[in-house]
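Just so it is clear, none of the values below were taken in a lab; they were calculated from the coordinates. Everything quoted here is computed from the prediction, not taken from an experiment. So basically every Cβ, Gly included, is an ideal-geometry build from the backbone, and we count neighbours across all protein chains shown.
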Amino acid sequence: MPAAARTTRLAPTPSGALHVGNARTFLVNWALARHEGWRIVLRLEDLDLGRVKAGAHEAALQDLAWIGVDWDGTPEVQSRDLTPYREALARLATDGRVFRCDRSRTEIRNAASAPHADDGETRYPPELRPPRPWPTGIATWDANHRLLVEPAPEVVHDEFLGTHAFDPGLEAGDLVVWTKLGVPAYQLAVVVDDARQGVSDVVRGDDLLASAARQQLIARHLGVPHARWWHVPLVYGDDGKRLAKRHGAHSLAQLRADGVPAAAVIGWCAASLGLIDRPRALEPREFLARATPDALRAAMPALRARPSVFGADDPRSLGSLG
Ligand code: GLU
């Protein structure tokens, strides 16, 4: 592959059914990649052992294929080989930046001096850090490990959403990079994979915008570049909450079972992005023709200001679009 080639990834967590919001983000990712000639890696993020469900891996592939999203090469599955993540943790430990943390969630919450930012996140209290120096090797892989994160601004330049400043040290404090289940935490796994898979462009939901700052910081400590970011505003239910599994009727599998054509779902996504005037059946190649990088860039800021809602009546109206 030439050095200049760019790569993106579709990174579903096989934790259950994909919904219309996931579909929209994946369609945007796919369209950008196909317009720009990026390679697309499909990566199944199955290390969050508490969330992964049997059969969800195959279901995610089926859902993507249903909406016409394809990728290049065979899927990458995180759990198949933990070596790269172990090496990364060992490297962070060598620099003396990682400590083993056996504190319970309750202990951390009780000790937190400035707990509960808006999103309910608890900052890891610096006073709970063990005395230094910290071991520069990993004694056990079956323990939580945290990365030292001091307060400092971390600026994220997003291709869709502009510039956003974060302070991971203030917002989250020392980040969990390894879990006692013997697997890397999400933040570390993503940085390691994006680097080793040559991912130059990350397109994903804007619930992960603050994570981009954390991932930049981890990438710096690992001495690897971070990707360009393209965060796509989420879709909400008409209860005002981001679309999730509790909105069961909105899962792609359920819509499919109810006889809603994929083209109707794609059409809804296109209309919500302002690519067509109102929902109508749209084939994947028609979506692609409309979802040019310029059109997508133009759509995103407004979507952040005025989020799209996929309401309780939408599945029925999609059913009539076939
Ligand atoms: N696997 C994550 C999710 O499904 C996405 C992670 C990422 O794009 O960085 O929410």
Review point. Kirkwood Rh over Cα pairs of the chain into Stokes-Einstein at 37 °C, 0.692 mPa s: D in µm²/s?
Key: 158
Review point. What is the magnitude of the charge dipole of the chain about its Cα centre, with +1 placed on the Cβ of each Lys and Arg, -1 on the Cβ of each Asp and Glu, and no other charges, expressed in debye to the nearest 20?
Key: 220
Review point. Over all directions, what mean area does the Cα convex hull of the range 256-322 project, stated in square nanometres?
Key: 4.5
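So for SER251, SER320, fewest C-beta neighbours within 10 Å to most, what's the order?
On the way: SER251 23, SER320 8.
Lowest count first: SER320, SER251.
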Check your understanding: Can you give me the Cα centroid spacing of the range 245-267 and the range 184-244 in angstrom?
Key -> 26
Practice item. Might you report the magnitude of the Cβ-based charge dipole of the range 236-322 about its Cα centre, with Lys and Arg at +1 and Asp and Glu at -1, to the nearest 20 debye? Key: 260
Check your understanding: Considering amide H positions built from the backbone, and no H for Pro or chain starts, which residues 5 or more places from ARG39, or on another chain, come under 5 Å of its amide H?
Key -> ARG6, THR7, THR8
Review point. Per 10 Å bin, what percent of the C-alpha pairs of the range 1-103 does each bin hold, from zero upward?
Key: 13, 36, 29, 18, 4
Check your understanding: Assigning unit charges at the beta carbon (Lys, Arg +1; Asp, Glu -1) and nothing else, what dipole magnitude in debye, to the nearest 20, does the range 75-192 show about its Cα centre?
Key -> 640
Practice item. Just rank GLU154, GLU127, GLU36, fewest to most, by other beta-carbon atoms within 10 angstrom. Key: GLU127, GLU36, GLU154
Study note, to complete from the structure: Cβ density ranking, 10 Å radius, fewest first, applied to VAL260, VAL155 yields VAL155, VAL260
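Given the Cα atoms of the range 154-235, and with Rh set as the inverse mean 1/r over their pairs in the Kirkwood sense, what is Rg to Rh to two decimals? Working shown, then result.
Working: Rg = 12.5 Å, Rh = 13.1 Å.
Using Cα coordinates only, the ratio equals 0.95.
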Practice item. Work out the charge dipole of the chain with +1 on the Cβ of Lys and Arg and -1 on the Cβ of Asp and Glu about the Cα centre, then indicate which of ALA88, PRO233, ALA143 is farthest towards its positive end. Key: ALA143
